[in-house]
Amino acid sequence: MDFIYEENRIWLKDINGNLVAEVTFPNVSADVVTINHTFVDDSLRGQGIAGKLLEAVVDTLKTENKKAYSTCSYASTWFKKHPEYDYLHLEY
């Protein structure tokens, strides 16, 4: 999967260049972000793409030595199912 990495955004485009999946995580402070949006196009649903996006965010957080709040319901649920990343996830 060839995700495109931008500051505070990881996304995927189809062969026509259309957005088909993304996760956004704007900065709250120098070392904290808020995962506020996860999107997967209907054409990719059920393939684990959203989970792969969250794994990419986790890798980014570790690399950048950051932690995350999640206001996105998918991200909140994902972190609950992956307690091994509790050290990266902050609760409101």
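Values in this text are rule-based calculations from the coordinates and carry no lab data. Just so we're clear, the structure is a prediction, and the values are computed from it rather than from any experiment. Neighbour counts run over all protein chains shown; Cβ positions are idealised from the backbone, glycine included.
Taking the stretch 1-77, which GluC sites (Glu not before Pro) meet the DSSP loop condition and have no more than 15 other C-beta atoms within 10 Å? Can you show the working numbers first?
Working: sites: GLU6, GLU7, GLU22, GLU55, GLU64; in loops: GLU7.
For GluC sites (Glu not before Pro) across the stretch 1-77 that sit outside H, G, I, E and B with at most 15 neighbouring Cβ atoms in 10 Å, the list reads GLU7.
Determine the dipole magnitude for the chain: charges of +1 sit on the beta-carbon of Lys and Arg, -1 on that of Asp and Glu, nothing else is charged, the reference point is the Cα centre, and the result goes in debye to the nearest 20.
Numbers: 9 positive and 14 negative charges, 38 e Å.
Approximately 180 debye in magnitude.
For the chain, find the longest principal axis of its Cα atoms and tell me its angle to the long axis of helix 49-64, 0 to 90°, nearest 10.
40 degrees
Would you compute, from DSSP H runs of 4+ residues alone, the mean residue ellipticity of the chain at 222 nm, taking -39500 (n - 2.57) per run and dividing by the full residue count, rounded to the nearest 500?
Value at 222 nm, helices only: -8500 deg cm²/dmol.
Taking the C-alpha atoms of the stretch 4-88, how large are the radius of gyration and the largest Cα-Cα span, Dmax, in Å?
For the stretch 4-88, the Cα-based Rg and Dmax read 12.5, 38 Å.
Students often check this: by mean Cβ neighbours within 10 Å, which of 66-73, 37-44, 80-87 ranks highest, and how do the rest follow?
Put in order of decreasing packing, that is 66-73, 37-44, 80-87.
Give the percent of DSSP beta bridges with both residues in the stretch 4-88 that are antiparallel, rounded to the nearest 5.
80 percent
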